[in-house]
Amino acid sequence: MGNPRQADETNDLLTICATQHCRPILSYFRNSSEDTVQLTDLIDHLEKEAHGDREQVSGQLYHSVLPRLAEVGYLEYDKRSDIVRYHGHSELEALAVAIANR
């Protein structure tokens, strides 16, 4: 039988990948040579990518997506400077690529 903790971690990563703006953020950093970005630039990118409302995009980032990605160690968000710093997460990135290639 598999490790229950590992299964829980995998479920958490899949849940994160299912979040609306998560995969575009993963794609943004995968395709960028930079490991830091101003939050406003990331919002601009997601607004264009998802054809979404800026207020909705920023609200989801602040309250859901960034905290979840920070919790698993994928990135760090500094609220004082509004800078997002990419750290990466091989399992999360592999899942996002696998989902994108389906």
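The values are calculated or read from the model by the stated rules, or taken from the named source; none is laboratory data. All values derive from a computational prediction rather than experimental measurement. Cβ sites come from the backbone with ideal geometry, for glycine too, and all protein chains shown count toward neighbours.
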Worksheet item: Mind checking which pairs have a first residue in segment 54-81 that is closer than 18 Å to Tyr28 by Cα and in a helix (DSSP H, G or I) and a second that is among the aromatic types (Phe, Trp, Tyr) and modelled with pLDDT of 90 or more, Cβ under 6 Å, 6 or more apart or different chains?
Response: Leu66/Tyr77; Ala70/Tyr77
Practice prompt. Pull up segment 73-94, narrow it to residues that are over 10 Å from the mean Cα position of the chain (by Cα) and among the aliphatic types (A, V, I, L, M), then point me to the one that is farthest from Cys22 (Cα to Cα).
Written response: Ile83
Item to complete: Working only within segment 1-40, note down all residues that are part of a helix (DSSP H, G or I), loosely packed, with under 15 Cβ neighbours inside 10 Å and among the charged types (D, E, K, R).
Response: Arg5, Asp8, Glu9, Asp12, Arg30
Discussion item. What's the total number of residues in segment 57-82 that are at negative phi, of a type outside the set (Val, Ile, Thr) and surrounded by 14 or more Cβ atoms within 10 Å (Cβ to Cβ)?
Written reply: 13
